[in-house]
Amino acid sequence: MKIELVEPIIADAGWRTFSFLKVATSDGIVGWAEYNEDFGSKGLSDVIRALSPLLIGQDPRRSEAIVARLHVATRQARGGLNQQAIAAIENALLDIRGKECGKPVAALFGGPVRERIPVYWSHFGTYRVAQRGRGFLPELMTYDDLAKHAAEVKAAGFRCLKTNIFPLRDGALQYFNPGFGRTAGWPELNWDATVLADLKRQLSVIREAIGPETGLMLDTNFHFRTEGYLRIAEMAAPLGLQWLEIDTHDPASLALIRRQAPCPVASCETLHGRRDFRPYLEHYAMDVAIVDVPWNGLGESVKIAAMADAWEVNCAPHNFYGHLCSYISAHFCAAIPNFRIMEIDLDSTPWRDEFVSHPPVIEDGCFVLPDRPGWGCEVDEAAVRRRPPRG
């Protein structure tokens, strides 16, 4: 069996794109991966294309050897786009390996440890606030709207949800996003008493709607500096957060926050590879290590989880992409013992299901892992090509 074709294919997904990698072989087996270049990874498809000559003619079943060769070829500029490109390639090769031997990918890693993967509703309210006016989703304007939506998520069987920050301005909820330069507050990233007061009300409204038995998480991204994260943790203490999610590239600062925060701290979703995770573990900087499987590749992600296990840290996948990424993340969750909970985005464009043969099955707040070969989900290439990106 030899690799004959490596092709990125990109689709319109409303306010973003979904990107798929197709790797075709001489035996007719096609492996698929999903990646994304909308959030800080512009040009990733071009990097994949640049690396593809190293794949043509290779045996896809030797995925470890191919990945090692790609790392050697990019060693002088490791991480970043190179790592994400290698990860997409590795994930497509794992799909081929699973299909070739007729087994789910998790079985290649000794799994499954579990076949029902607890999930949490991610970006609760986020897209319904940030994407108002696009016509894709119900819109959230007020705290009453937020409370009604929270009750709906609980009624749907989800045992946990994660929200972002929505200050109330001019009578309507607004998306707070200074860490990515999309709203006021950058580059200083100072905390603000008004924002904290609105956030306290937002979290209180959600907590009242879902009750004490449903998990509540807050994702603060890169929106503050250490001082601000500490103020948020202090403010949210009475609300019983399941975790406070923080993005920072300084492990010592994160460790300081963790020592003082009255709730678990989750972090590391923007890291690449074991070398990036190591200082965070050595500083005992987080309670939950968040691993982006599309960025790291499933093989590397399992190695990261094994390393985290030595520090008594559980892992959760970063998964805010399309359905194929949800399958890939689910196989990660099924393959490791030190698993916490899986992220999943349910709010999306109405045509997202068209892109895959089997939309995920979620029962009683759990992703049901299929026993079909590979990822257990085929990409509908014709459907993807029918919706090219709009530019």
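Laid out as a table, the results:
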item: Per-region count, the stretch 148-175, residues outside any loop (DSSP other than H, G, I, E, B) and either surrounded by fewer than 22 Cβ atoms within 10 Å (Cβ to Cβ) or touching a helix residue (DSSP H, G or I) at 6+ places or on another chain (Cβ under 8 Å) (or both); result: 14
item: Helices (runs of 4 or more DSSP H) wholly inside the stretch 200-283 that include at least 2 residues being among the polar types (S, T, N, Q) and over 30 Å from ALA88 (Cα atoms); result: 251-260
item: Sole exception among (1) over 14 Å from LYS22 (Cβ atoms); (2) part of a helix (DSSP H, G or I) for ILE89, by number; result: (1)
item: Residue within the stretch 246-255 that is in contact with a His (Cβ under 7 Å, 6 or more places away or on another chain) and at positive phi present; result: no
item: Restricting the stretch 176-197 to residues that are surrounded by fewer than 13 Cβ atoms within 10 Å (Cβ to Cβ) and among the aliphatic types (A, V, I, L, M), the residue that is nearest to the chain's Cα centre (by Cα); result: ALA184
item: Test: residue in the stretch 186-196 that is hydrophobic (A, V, I, L, M, F, W, C), at pLDDT below 95 and in contact with a Phe, Trp or Tyr (Cβ under 9 Å, 6 or more places away or on another chain); result: yes
item: Given (1) assigned to a helix (DSSP H, G or I); (2) more than 15 Å from the chain's Cα centre (by Cα); (3) of a type outside the set (Phe, Trp, Tyr); (4) closer than 30 Å to ARG274 by Cβ, index of the condition PRO370 fails; result: (1)
item: Any hit, the stretch 280-292, residues being more than 16 Å from PRO251 (Cα to Cα) and either out of contact with any Leu (no Cβ under 7 Å at 6 or more places or on another chain) or assigned by TED's automatic domain parsing to the domain that holds GLU90 (or both); result: yes
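The values are calculated or read from the model by the stated rules, or taken from the named source; none is laboratory data. Everything numeric in this text was worked out from a predicted model, so none of it was measured. Note that each Cβ is placed from the backbone with ideal geometry, even for glycine, and that neighbours are counted across all protein chains shown.
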